Amino acid sequence: MKNIEHIFCSYREDLIGRVLNEQPAEATVLVSPTQMAGKTARRRFQPHWQWSATLWLEREEFKERCFPATRPLLREEKRTLAFYASLSKEMKEQFKIRNYFHSIELAHHFFSFWEECQEAMLAEPLNFDRLQAAGLEVQDWQRELYQNLLALKEAYRRFIEKNDFQDRLFCRHPERIDLTDLARYDRFVFINLPDCTRLEKQIFSKLAEADKAVVLYYQSERTGYQAPETAEKPLSFRDVHEAAVERLYYYECRSDFSMMATASQLVSRCPECIIVEDRPSFNPYYRFFSLNKLGLRLLQPFPQTTIYRFLARLLDILNSVKPDQTDPHRLLAPLPILLDALMDADFCRSICPSDCPDPRRFSDQAVRAVYDLLEQDYRYIDLHGDFFSLQDHSVARSRPFLQPLLFLLQHTLGLQDMQSLIEWIDAEDGVRIRGIINEDEKNHSDILDVFYSSLADFYTLGTLEFLADWQEVFTPDHGSERTAVSRGWLRLLLEYLKPKRIHFSTGAPVEPPVQVLSLTDTRNQTYDRVIVLNLAEGVLPSAPVTPFLFNEHQRRVLGLTTYEQVRMREKKAFAGLIFTTPEVHLLARKNTEKNVEVSSFVEELALHFHNREMHITPVDEAWHRRVYAILLPEQAMKAAPPSTVLHSSFFTLPVDRRQDFPDRTIDLSFYDYFTCSKQPFLYCIRHLLHIEPRAKEFDDDFSLPFIGKITHAVMNLIWRFYLEEPFAIASPDEWTELADTYLERAFHHWMQKKPENRYKIPQNHSLIYFNEIYRPILISGIRSFFNFLDTRLHLPMNQTKIFPEGEFSSSTEKEGVTLTTWQEEDGEWRIKIKGRADLRLETSDPPRRYIFDYKTGNINREQLLFYELLYYLLLHPELEDQVASYGYHLADQTAKEFIQLYQRRGAPVSRRQVRLEFIARLQAHLSDILTKGFMVGSTTPSQPDWHPVIRTDLYQKTMP
């Protein structure tokens with residue numbers, strides 16, 4: 001038996017060079033911690049190779065050689081599927097697992113926990129007395145869960161043995177170490193492996209017992225031959241005395257933006273540097289890395305690719321599909337979900353018809369078309385396309401954009417088995433993979449190789465004999481059962497692709513590129529100059545996570561990995577990078593307001609360099625304009641003045657008197673007036689440019705505006721039914737009796753008889769809430785309104801003329817009435833008002849005119865004044881004593897008369913005075929707009945209340 005050598009190298013030494021110089025190549029196995037470290041070592045070894053028997057392995061490859069399998073090993077998705085298939089009915093109920101996808105999280109914890117126990121060589125079953133002897137309490141749920149995990153493990157072992165498979169959970173035990181495959185090698189050299197586990201140390205001992213030379217190299221603050229325990233001691237930067245670092249620069253940034261701007265400046269000065277970021281592809285600024293200037297040799301997670309995002313979008317849509325509650329054979333897809341998909345440029349490009357010359361224009365038009373539908377309260381579209389038979393212009397405009405998506409969804413619903421899924425890929429009516437990927441992925445990654453090789457492996461899942469009933473695997477977890485199987489296959493494919501990685505790299509440009517690497521990839525590497533990004537606490541070191549089953553104290557006693565060990569592993573990797581590089585630039589983030597603190601590694605490093613040269617530079621937020629100048633078109637940069645204090649004219653749209661107001665006439669409906677008085681800026685955008693603001697979110701339940709529309713529609717139907725029926729049939733003597741006769745019929749007609757409403761009424765729990773709770777409230781409110789006509793106003797029903805909103809239209813409502821005129825420099829200007837009240841009632845004996853505005857929200861007193869002027873007082877001021885207007889809140893069953901709403905400190909005011917003040921105020925306001933332009937209104941002088949305008953159609957209509 002030979003002794004195991006532990007050799008410690010300082011940070012100043014060339015670790016790989018020393019290994020190659022000291023260790024003979026013949027009959028030697030060299031084990032590296034990572035793939036990139038192994039490639040670097042092999043590249044340096046190759047010029048000196050003399051046809052010796054030298055084997056280079058990565059850490060995991062070496063362990064597989066030590067535990068050869070006698071039967072096929074289950075891996076990845078096959079492993080998880082076998083785990084699900086091994087679950088008994090009792091265990092499924094215990095862990096609340098209804099289908100395969102519910103078991104994925106449990107399987108992840110199951111395999112990672114037992115593999116960790118395996119590496120720590122914990123005895124089974126676990127002796128909990130060991131924890132109690134250490135003064136640690138063990139909860140009952142921990143004991144129960146551990147016993148369940150033991151039972152699951154035994155059931156899984158029996159299941160895979162029955163089906164002639166094997167799993168590394170049952171292979172990697174000390175007694176099963178088999179060195180036959182490595183017997184012809186005499187020397188085993190392990191190059192700077194971090195945190196060797198007890199199982200790995202057992203392998204080292206077995207090699208030594210087999211009379212093999214075992215040498216472990218470490219890069220450390222200590223040098224020479226040391227005891228094995230030295231490698232596990234905590235690292236303190238103050239103990240580092242030999243290091244290659246000569247120049248250390250520290251930049252303290254407040255945000256990602258300033259950090260990346262500083263990095264860009266450093267790259268321009270140091271063209272051959274290395275950029276190091278712990279997890280670069282997980283940060284948003286990774287998208288701004290230039291493929292022409294940066295050498296991106298990264299493993300990008302497959303979920304960040306266009307293929308995965310496209311398939312995930314499809315799955316989101318299928319998950320949202322539900323049967324129509326009035327016709328279960330009809331499947332409905334929510335429009336907000338389709339809108340989200342169409343707003344994804346990559347997804348929309350993929351469904352764009354091949355004959356469309358401009359995919360970006362198609363995407364923009366598709367989004368606008370769906371927005372138009374949503375703003376008209378449409379919430380669903382059926383997958384069969386009956387939606388397009390509606391007589392609605394907005395529906396017809398949306399057809400060219402929604403129909404290709406519906407065709408794709410219809411074919412996706414045909415995924416009923418593995419064969420149909422494989423045929424669906426790249427089919428003419430399926431998913432064309434090469435049309436999904438973007439140019440960067442096509443030119444700079446191996447995404448197609450990874451996808452199609454993964455698809456070939458995925459296809460083998462269909463051959464698993466222990467999963468003959470895929471319907472049981474995809475038991476519906478929610479939504480329609482008709483979509484369960486297709487959703488299941490699509491989700492299974494996504495789960496299979498999720499752990500994959502693509503190699504994202506650039507070709508060799510003329511100038512040497514700046515390499516972007518993760519911290520793990522720098523292990524055992526040496527560089528001349530590095531820029532380390534994103535040094536913030538919670539990033540490096542990473543934030544602690546709640547461990548599975550056992551807490552940190554219990555894990556420490558049991559010998560399982562703790563957060564402190566993870567943190568020390570990251571610290572040693574960080575030290576291995578910093579102390580081996582002559583020139584280092586550290587870019588840290590600190591923002592107290594956002595609770596972002598500088599990495600504790602950097603703070604300790606600053607203390608270590610207290611007596612040495614360390615350049616510290618605080619970075620201000622001063623790069624925005626320079627960066628935006630690159631990202632934005634030149635005319636956009638010229639549009640905004642450089643001053644941080646902007647003049648009010650910058651927030652004002654100029655008035656074109658001839659184009660905006662032909663014939664010097666300003667036409668206002670009440671809602672035009674309301675917007676113009678509060679926000680002239682938005683009035684110009686909405687009512688003159690005809691650009692409606694786009695909502696960020698759309699309710700999937702009965703919103704208050706939608707309830708208001710239902711209420712008005714039901715009221716109009718009551719009047720219509722009453723007025724259209726023959727007098728002999730429709731002869732109620734009281735208003736309340738009229739409501740009793742037609743109210744339920746009107747509600748039923750609106751909810752069931754109008755074909756467009758099946759696409760507007762929410763198909764979820766809110767429909768039950770509306771029918772059971774809110775509908776009775778509305779019915780009671782409508783009855784109370786008719787009772788108000790009987791008991792409060794005492795209107796004789798058979799002697800009252802009825803003018804409902806939806807039945808009659810006069811020239812006054814259409815053409816409007818002149819409110820006032822005044823003189824400007826270019827001539828006489830006129831304000832005309834127009835609109836339509838909810839209800840008007842007129843009696844001749846006594847002569848009275850009533851105006852009603854029924855609400856489910858707030859009552860606006862100016863709206864009543866507006867309608868009094870429009871219908872009566874402007875043309876016939878002598879009728880002032882005969883006019884009465886009311887706002888009636890149906891939910892609260894309360895009526896507010898116009899004069900009550902205008903009371904000042906409890907005292908009534910003159911109707912004529914209110915009218916004159918209103919006209920004078922409006923005239924002055926509009927005159928000010930003609931002079932100064934459409935200004936941004938504000939609630940307070942310091943905080944302007946205006947909408948952010950970011951839409952392309954607005955940009956196209958307002959830019960010269």
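Go through the stretch 1-39 and give me each residue that's surrounded by fewer than 18 Cβ atoms within 10 Å (Cβ to Cβ), of a type in the set (Gly, Ala, Ser) and touching a residue at least 40 places away in the same chain (Cβ under 8 Å).
Ala27 - this is the single residue of the stretch 1-39 that is surrounded by fewer than 18 Cβ atoms within 10 Å (Cβ to Cβ), of a type in the set (Gly, Ala, Ser) and touching a residue at least 40 places away in the same chain (Cβ under 8 Å).
Would you confirm whether any residue within the stretch 878-886 is touching a Lys or Arg at 6+ places or on another chain (Cβ under 7 Å) and among the acidic types (Asp, Glu)?
The answer is yes, given that some residue of the stretch 878-886 is touching a Lys or Arg at 6+ places or on another chain (Cβ under 7 Å) and among the acidic types (Asp, Glu).
Mind checking which residues of the stretch 375-399 are in a helix (DSSP H, G or I), touching a residue at least 12 places away in the same chain (Cβ under 8 Å) and under 17 Å from Leu342 (Cβ atoms)?
Glu375, Phe387, Phe388, Ser394, Val395, Arg397, Ser398
Would the stretch 535-557 turn up any residue that is surrounded by fewer than 21 Cβ atoms within 10 Å (Cβ to Cβ), among the aliphatic types (A, V, I, L, M) and more than 33 Å from the chain's Cα centre (by Cα)?
There is at least one residue in the stretch 535-557 that is surrounded by fewer than 21 Cβ atoms within 10 Å (Cβ to Cβ), among the aliphatic types (A, V, I, L, M) and more than 33 Å from the chain's Cα centre (by Cα).
Check whether at least one residue in the stretch 206-220 is touching a Ser or Thr at 6+ places or on another chain (Cβ under 6 Å), part of a strand (DSSP E or B) and either of a type outside the set (Asp, Glu) or surrounded by 16 or more Cβ atoms within 10 Å (Cβ to Cβ) (or both), and report yes or no. Explain how you work it out, then say what you get.
Keep residues of the stretch 206-220 that are touching a Ser or Thr at 6+ places or on another chain (Cβ under 6 Å), which gives none.
No, there is no match, as no residue in the stretch 206-220 is touching a Ser or Thr at 6+ places or on another chain (Cβ under 6 Å), part of a strand (DSSP E or B) and either of a type outside the set (Asp, Glu) or surrounded by 16 or more Cβ atoms within 10 Å (Cβ to Cβ) (or both).
Go through the stretch 412-447 and count every residue that is hydrophobic (A, V, I, L, M, F, W, C), in a loop (DSSP other than H, G, I, E, B) and over 12 Å from Ser350 (Cα atoms). So that I can check it myself, show each step before the final result.
As a first pass, look at the stretch 412-447 and keep what is hydrophobic (A, V, I, L, M, F, W, C): 413, 415, 418, 421-422, 424-425, 427, 431, 433, 436-437, 447.
Remaining after also requiring in a loop (DSSP other than H, G, I, E, B): 413, 415, 427, 437.
Narrowing further to those that are over 12 Å from Ser350 (Cα atoms): 413, 415, 427.
Of the residues in that region, 3 qualify.
Kindly indicate whether any position in the stretch 40-59 is crowded, with 16+ Cβ neighbours inside 10 Å, out of contact with any Gly (no Cβ under 8 Å at 6 or more places or on another chain), among the polar types (S, T, N, Q) and over 30 Å from Gln471 (Cα atoms).
Yes, there is a match, as at least one residue in the stretch 40-59 is crowded, with 16+ Cβ neighbours inside 10 Å, out of contact with any Gly (no Cβ under 8 Å at 6 or more places or on another chain), among the polar types (S, T, N, Q) and over 30 Å from Gln471 (Cα atoms).
Assess whether Ala208 counts as being touching a residue at least 12 places away in the same chain (Cβ under 8 Å) and closer than 22 Å to Leu30 by Cα. Write out each step before concluding.
Numbers: touching a residue at least 12 places away in the same chain (Cβ under 8 Å): yes; closer than 22 Å to Leu30 by Cα: yes.
Yes, satisfied.
Which condition does Phe190 not pass, out of (1) open to solvent by 40 Å² or more (accessible area, probe 1.4 Å); (2) under 30 Å from Ala573 (Cα atoms), if it passes all the others?
(1)
Go through the stretch 17-66 and report how many residues are out of contact with any His (no Cβ under 8 Å at 6 or more places or on another chain), in a helix (DSSP H, G or I) and under 20 Å from Tyr527 (Cβ atoms).
14
Return the only residue of Arg238, Arg172, Arg222 being under 41 Å from the mean Cα position of the chain (by Cα) and basic (Lys, Arg). Walk me through it before giving the result.
Values: Arg238 fails: under 41 Å from the mean Cα position of the chain (by Cα); Arg222 fails: under 41 Å from the mean Cα position of the chain (by Cα).
Result of the check over Arg238, Arg172, Arg222: Arg172.
Does Ala213 satisfy the criteria of being in contact with a strand residue (DSSP E or B) (Cβ under 9 Å, 6 or more places away or on another chain) and not hydroxyl-bearing (Ser, Thr, Tyr)? Give the steps one after another, and end with the answer.
Values: in contact with a strand residue (DSSP E or B) (Cβ under 9 Å, 6 or more places away or on another chain): yes; not hydroxyl-bearing (Ser, Thr, Tyr): yes.
When the stated conditions are applied, Ala213 passes them.
Show the residue pairs that are 6+ apart or on different chains and have beta-carbon atoms under 7 Å apart, the first residue being within the stretch 438-464 and farther than 23 Å from Phe474 by Cβ and of a type outside the set (Val, Ile, Thr), the second being at pLDDT 85 or above and loosely packed, with under 12 Cβ neighbours inside 10 Å.
Listed pairs, sorted by first residue: none to list.
On the given criteria, is Arg349 open to solvent by 60 Å² or more (accessible area, probe 1.4 Å), closer than 30 Å to Val485 by Cβ and in contact with a Pro (Cβ under 7 Å, 6 or more places away or on another chain)? Spell out the reasoning first.
Numbers: open to solvent by 60 Å² or more (accessible area, probe 1.4 Å): yes; closer than 30 Å to Val485 by Cβ: yes; in contact with a Pro (Cβ under 7 Å, 6 or more places away or on another chain): yes.
Answer is yes for this residue.
With the stretch 71-150 as the region, which helices (runs of 4 or more DSSP H) entirely inside it contain at least 1 residues that are under 35 Å from the mean Cα position of the chain (by Cα), surrounded by 15 or more Cβ atoms within 10 Å (Cβ to Cβ) and among the aromatic types (Phe, Trp, Tyr)?
Values: elements: 76-86, 89-94, 104-120, 129-133.
By residue number, 76-86, 104-120.
Out of curiosity, is Lys594 charged (D, E, K, R) and farther than 25 Å from Ser220 by Cβ?
On the way: charged (D, E, K, R): yes; farther than 25 Å from Ser220 by Cβ: yes.
Yes: the conditions hold for Lys594.
Find the residue count for the stretch 397-426, including only residues that are open to solvent by 20 Å² or more (accessible area, probe 1.4 Å) and within 27 Å of Thr463 (Cα to Cα). Before you say what the answer is, go through the steps one by one.
From the stretch 397-426, those open to solvent by 20 Å² or more (accessible area, probe 1.4 Å) are 397, 399-401, 403-404, 407, 410-411, 413-414, 416-417, 419-420, 422-423, 426; that's our starting set.
Now restrict to residues that are within 27 Å of Thr463 (Cα to Cα): 410-411, 413-414, 416-417, 419-420, 422-423, 426.
Of the residues in that region, 11 qualify.
Go through the stretch 777-795 residue by residue and tally those that are open to solvent by 60 Å² or more (accessible area, probe 1.4 Å) and part of a helix (DSSP H, G or I).
Our first condition is that a residue be open to solvent by 60 Å² or more (accessible area, probe 1.4 Å); within the stretch 777-795, this holds for 777, 783, 787, 791-792, 794.
The next check asks that each one be part of a helix (DSSP H, G or I); those that pass are 777, 783, 787, 791.
Adding up the residues that qualify gives 4.
List every residue pair whose Cβ atoms sit under 9 Å apart, with the two residues 6 or more apart in sequence or on different chains, where the first one lies in the stretch 571-596 and is under 24 Å from Gln265 (Cα atoms) and the second, anywhere, is open to solvent by less than 10 Å² (accessible area, probe 1.4 Å) and of a type in the set (Asp, Glu).
Matching pairs, first to second residue: none at all.
The values are calculated or read from the model by the stated rules, or taken from the named source; none is laboratory data. Small disclaimer: the values here were computed from a predicted structure and weren't measured. As a convention, Cβ positions derive from the backbone with ideal geometry for all residues, glycine included, and neighbour counts pool all protein chains shown. When the accessible area is computed, the model is the full protein with side chains, heavy atoms only, and any ligands, DNA or RNA have been set aside. Shrake-Rupley method; radii C 1.70, N 1.55, O 1.52, S 1.80 Å.
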